[in-house]
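The values are calculated or read from the model by the stated rules, or taken from the named source; none is laboratory data. Keep in mind the model is a prediction, meaning the values are calculated, not measured. Please note: Cβ atoms are built from the backbone with ideal geometry, for glycine as well, and neighbour counts cover all protein chains shown.
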Amino acid sequence: MVNNPANIFQPGNNWWHKALDILLPPRCVLCGLPSGSVGICGPCKLDLPWAGPQCCQCGLPLPAAQDQVCGQCIRNPPPYCRTVSPLQYCFPADQLVRAFKFHRQLAEGRVLSHLLCEYVIIKGFTQPDALIPVPLHYTRMIKRGFNQAFELGSYISRVLGIPQHSAGLRRRRNTKAQSGLSRQQRRSNLRGAFYWRGHQKPGRHVALIDDVMTTGATVSECARVLKKAGAQRVDVWVPTRAVPARLYRS
């Protein structure tokens with residue numbers, strides 16, 4: 001694990017912000033102690049499973065910091081250019097994702113977005129022309145009540161000043177849940193599931209937004225659609241990256 005990035009976003013200096021923090025101090029989403037305006041306290045932030053050396057394309061761990069691209073991406077390059085992911089999808093980051101995604105705990109989503117924004121700025125990653133959230137099918141949207149990727153993208157858009165385009169990339173069919181499927185089954189499940197709507201191009205350089213990246217099947221299919229629609233470069237921005245057990249290092 002790498003050291004925790006410094007908190008680059010300072011609380012507001014307005015007197016009413018300070019007064020509100022005194023009267024109703026924000027609580028850490030993990031331990032419940034006062035956290036400041038970010039929503040996660042310093043000790044809990046340090047204990048998060050921060051990503052170490054990783055492949056710049058797929059985001060999986062690498063054995064040494066000087067390595068940049070893993071062998072799999074060299075042999076079979078994905079349709080996206082770079083994966084930006086500050087955290088491994090394991091305890092307690094996975095608890096934040098589940099609370100946000102399945103229990104509508106928006107405070108957890110704000111923390112995940114905030115950590116991703118910090119990571120982007122501290123690492124100096126090239127910022128895209130637009131953010132594009134991975135879409136949900138309308139039936140799942142109705143059932144869940146919101147699209148977690150859109151919520152993440154909305155916060156990132158406000159903080160970094162990057163426009164979010166959520167109308168173009170669409171999901172044409174309600175695929176089976178990806179959890180429990182093999183890599184090949186995930187690819188087959190998603191083939192042809194997405195399309196680009198309208199004549200406007202997605203942008204020269206775009207970043208796909210989602211809550212977690214597992215095998216990369218979803219973002220790969222989305223990236224192919226975006227490139228076909230005119231995008232020259234597609235990055236993937238996710239707060240958490242699932243890591244196979246054989247690669248995980250605590």
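Annotation note: Cβ proximity below 7 Å between a residue of segment 225-246 that is at positive phi and a residue that is of a type outside the set (Val, Ile, Thr) (sequence gap 6+ or interchain) occurs for Gly230/Lys201; Gly230/Pro202.
Given Phe146, Phe150, which one is part of a helix (DSSP H, G or I), closer than 16 Å to Ala167 by Cα and aromatic (Phe, Trp, Tyr)?
It is Phe150.
Of all residues in segment 84-107, those satisfying the criterion of being under 13 Å from Ala149 (Cα atoms), surrounded by 17 or more Cβ atoms within 10 Å (Cβ to Cβ) and more than 11 Å from the chain's Cα centre (by Cα) are Phe100, Lys101. In segment 195-212 there is at least one residue that is modelled with pLDDT under 95, of a type in the set (Gly, Ala, Ser) and closer than 26 Å to Gln232 by Cβ. Within segment 194-206, the residues that satisfy the criterion of being buried (at least 21 other Cβ atoms within 10 Å of the Cβ) and more than 17 Å from Leu136 (Cα to Cα) are Pro202, Gly203, Val206. Close Cβ contacts (under 8 Å, 6 or more residues apart or on different chains) running from residues in segment 98-124 that are farther than 23 Å from Gly36 by Cβ and at pLDDT below 95 to residues that are part of a loop (DSSP other than H, G, I, E, B) and not polar (S, T, N, Q) comprise Lys101/Asp211; Arg104/Gly145; Arg104/Phe146. Residues in segment 133-143 that are closer than 23 Å to Gly59 by Cβ and either assigned to a loop (DSSP other than H, G, I, E, B) or over 13 Å from the mean Cα position of the chain (by Cα) (or both): Val134, Pro135, Leu136.
Residues checked against (1) surrounded by 12 or more Cβ atoms within 10 Å (Cβ to Cβ); (2) at pLDDT 95 or above:
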residue	(1), (2)
Ile132	yes, yes
Tyr138	no, no
Met141	yes, no
Gly145	no, no
Ile162	yes, yes
Ser166	yes, no
Ala177	no, no
Arg186	yes, no
Gly192	no, no
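Within segment 109-132, can you find the residues that are charged (D, E, K, R), in a helix (DSSP H, G or I) and in contact with a Gly (Cβ under 8 Å, 6 or more places away or on another chain)? The answer is Arg110, and nothing else.
May I ask you to list the residues in segment 43-69 that are outside any loop (DSSP other than H, G, I, E, B) and surrounded by 14 or more Cβ atoms within 10 Å (Cβ to Cβ)?
Kept after step one, since they are outside any loop (DSSP other than H, G, I, E, B), are these residues of segment 43-69: 43-46, 50, 54, 61.
Cys44, Lys45, Trp50, Gln54, Pro61 - these are the residues of segment 43-69 that are outside any loop (DSSP other than H, G, I, E, B) and surrounded by 14 or more Cβ atoms within 10 Å (Cβ to Cβ).
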